[in-house]
Each structure stands twice: as structure tokens, then as C-alpha cells.
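> Here it is, the structure, as C-alpha cells.
The values are calculated or read from the model by the stated rules, or taken from the named source; none is laboratory data. Since we're looking at a predicted model, the values are computed, not measured. Because the Cβ atoms are built from the backbone with ideal geometry, glycine has one as well, and the counts that use them run over all protein chains shown. To get the accessible areas, we keep the full protein, side chains included, count just its heavy atoms, and leave off ligands, DNA and RNA. Shrake-Rupley method; radii C 1.70, N 1.55, O 1.52, S 1.80 Å.
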Amino acid sequence: MQPLDSEREPGRLIWLTKMYRAYATDLQRYIYSKVGDPFLAEDLTSTVFLKALRWLREDQSEESARGWLYATARTSIADSWQTANHSEMLTLTGMEDQLIPQLENADLVQKQAEARVQHLLSLLSERERRVLTLRYLQGYSAAEIAAALGTNAGHIRVLQLRALKRAAQLERQERNIHVMQEQEASPFDSFAQLLSPESLRVLTLAHEEALNLKHTFIGTEHVLWGLASEGSLATFLTPLNITPERVHTGVVFIYSRQAQWTQAQTGVEEIADTDLPPDPLKILTPRTKQMIVLAGNEMKSQGEQSIRPAHLLLGLIEEGSGIGAGLLRSMGVNLLQARSALIPPNSTQVCSFCGRSGSMVKRIFIAEVSIENPTPSVFICDQCVERFHAMLGQS
């Protein structure tokens, strides 16, 4: 299936809006029934419609379009599960390893782990704490615990599973708090001071677009509109038909879908407070801040002193999870394409996966050499090696 012709954008938007009105509410309910999280369901529904912006054809029948939407929803759900790596579902064996670490040559780590286990146990109810202590720390079987507590082994197993699940939930909550604390100490503030005048102009334009859309925040989608409007990247964006009008059309489509979903569920039209702070940096979303951090890393890797709009665009694509990156994907733009066009390589060796040149990374490795062609044709940088290693570790 080929991407849609950009000249048919207005007619497509009307047709896609019709598809939304027909199926979006049921589609989001379907996704919610599978994932059990209303916020994740909303994100995944947005993902489905971002893909629809690129792939659905207006000459498709409604039955065919409906089938495509639900098939894409199932794929998005599966991708979400794979990304999460089922971290919430701890097995009994996994929990035993957590409760009784087997680190023979690491006394300090052993003591820290034991203290961590005792801390988690202290957060459980008396009954849950007693069951886990008897089962995992003192080695009693379910039958022996049942006899001691005056119940049956099946009931003990149920209590054991509940206690393990509760301990896992507490562990996740404390881990999330730790992550939030680390984010508060992120390098965003230092990078924000290095934004060039052109990049500050991009954020000012993004602020204006947020006001225009009656949004109370600046997301990556608003920044993408600012990048398309500011002008520095016109030689790259304009030939790809990435214009302020086209970005605005995509953003309006996504948010009109979300607003209609909210109204359908609550019966109340959502009205945003447009009295925004004048400083754009004060209303950036976490994803937009992460985009600026990634842009700062791009700046550093190129040995520059300020963050230019080109760095912002690369950071936006590399962040990958925001609506802005989704819109660029729907328009056929990827990180390698953007990096190759915006950052001319100054070395003959360029990473075949991310486009970084030898001067931008610590090391570039030869990834492929054939007998027929002994001249290396595929390279991979140290950063992509680390990224792929992390991805394989999660699979």
C-alpha cells in the first residue's frame, strides 16, 4: 500500500473525520478492554489515527477501513505490550530471585537487597507479610503454612499470589518516584540556556500555535509547526511538503478526535484556559523537554555551542513518542534522512543506521564486508550498538 498523495489532503481529512465519527469511540473502547488503562488506550488510539493519516485511502469501503483500523489497533497493542516487556507480571520464580538474591561474591549488594526486601515486606499487610516470610524467607511449603494458619494450601497460594502482586506494585510505585526525581535533575535547564535565537523563535511560534489551538501546553506537535514556520529548515522541509498548513491540519485532526471522544464520554465540551504564561519554556511537556535534551546532545556531538533548529528537528525525531514525531513518520521522514540532509558528514565513514559521522561519535565499526566487495559498505556507530543492545535486552 502506497502513502497517500499530499494533494488530496483536504478531501482525505473530511473522509478520515467521517471514519472517526463512525468508529473512533468503539475503537478506543476496544483498546481499553485489552490494555485496561484509559490513558494508554487514548495514546494507542492516537497512534492508530496517525497511521491512518498516511496509509488509509479514501476510495476504500467503510468495511475495509474499519478492518484496517482494528488490525492496526491490534498491532499497536502488541507493540505496546512488547515495549512494556510485561514488567508488571512477575513470576513466582522471578519474585523468589528478588526476595533471595544469589550474589555470593557481593556482600554489600546482598545486604542492600535484604534491606530492600525487608522494606517491601514492611509495606504489606500483616497477613501478606507473614505468608511471604514463611514461604520465601523461612522455606515452609504452602501445606505447612496452611496448617500453621488453620486454612488450606489452595487458599495460601491465592494469598501468596496477592502478596507478590502487591509487592510488585509497591516496587513499581517507588521506582517511578525515583525516575521522576531523576527527571527533575535532568540536563534540560542547562540545555535550555543554549538555545539559539532561531530556536527560541521556533518555541515562540510553537507558543502561538498552542494559543491558536486553545492548548495549555507546548507539545512536540507545536514545535514541529514552529520549525515549519520559522524558515531555517525550509530547504529540507518544503520539498517534502512539510508546511505549516499541513502540520496544522494533522494536529487539528488528532486533537479534534480526542476532544470528540471526551465529549462523547462526558457529555461536556472541553474548554481550555488560553491564559498561558508568556515564557514558552514554562509550559513545555515532558516529551518536549526530552526533545530539547536530545537536541542538546546532537549539538554536543557536533562540537557546536548553541542548539539550532536543525538540532531541534533531530531531537524531535529521535524522541519518537510524541505527536510531532508521529506526524513526521506519517509524512515519510526518518532520522537517517533528516540527519543526512541537515548535518553534512565530514568523514568518509557514516553510521548506516543513524547517519552520524565519525566526528560525531566515539567510534564507528564496520558492520558488513563481503568477499565480492571487500570495501566496507555498512557501518555502525557506538551509540547505535548500545541502543540495539538495550533493545535486544528488552525482547
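> Looking at S33, S76, S64, S6, which one is hydroxyl-bearing (S, T, Y), within 23 Å of V252 (Cβ to Cβ) and modelled with pLDDT of 80 or more? Please lay out each step first, then the result.
Working: S33 fails: within 23 Å of V252 (Cβ to Cβ); S64 fails: within 23 Å of V252 (Cβ to Cβ); S6 fails: modelled with pLDDT of 80 or more.
It is S76.
> Quick check on segment 122-152: of everything there that is within 13 Å of A167 (Cα to Cα) and of a type in the set (A, V, I, L, M, F, W, C), which residue is most open to solvent (accessible area, probe 1.4 Å)?
Restricting to residues being within 13 Å of A167 (Cα to Cα) and of a type in the set (A, V, I, L, M, F, W, C), the top hit is L123.
> Name every residue in segment 326-342 that is surrounded by 22 or more Cβ atoms within 10 Å (Cβ to Cβ) and under 15 Å from L240 (Cα atoms), in order of residue number.
L327, L328, A338, R339
> Return the total of residues in segment 9-30 being of a type outside the set (K, R), modelled with pLDDT of 80 or more and either open to solvent by 60 Å² or more (accessible area, probe 1.4 Å) or not in a helix (DSSP H, G or I) (or both).
1
> Of everything in segment 286-315 that's in contact with a Phe, Trp or Tyr (Cβ under 7 Å, 6 or more places away or on another chain) and open to solvent by 10 Å² or more (accessible area, probe 1.4 Å), which residue is nearest to G219 (Cα to Cα)?
Once the filter is applied, the top-ranked residue is K289.
> Continuing with this model, one more query. Of everything in segment 201-235, what is of a type in the set (F, W, Y) and modelled with pLDDT of 90 or more? Give them in sequence order.
The one that is of a type in the set (F, W, Y) and modelled with pLDDT of 90 or more: W225.
> So, in segment 183-231, exactly how many residues are touching an Asp or Glu at 6+ places or on another chain (Cβ under 7 Å) and surrounded by fewer than 19 Cβ atoms within 10 Å (Cβ to Cβ)?
The number of residues fulfilling the criteria is 3.
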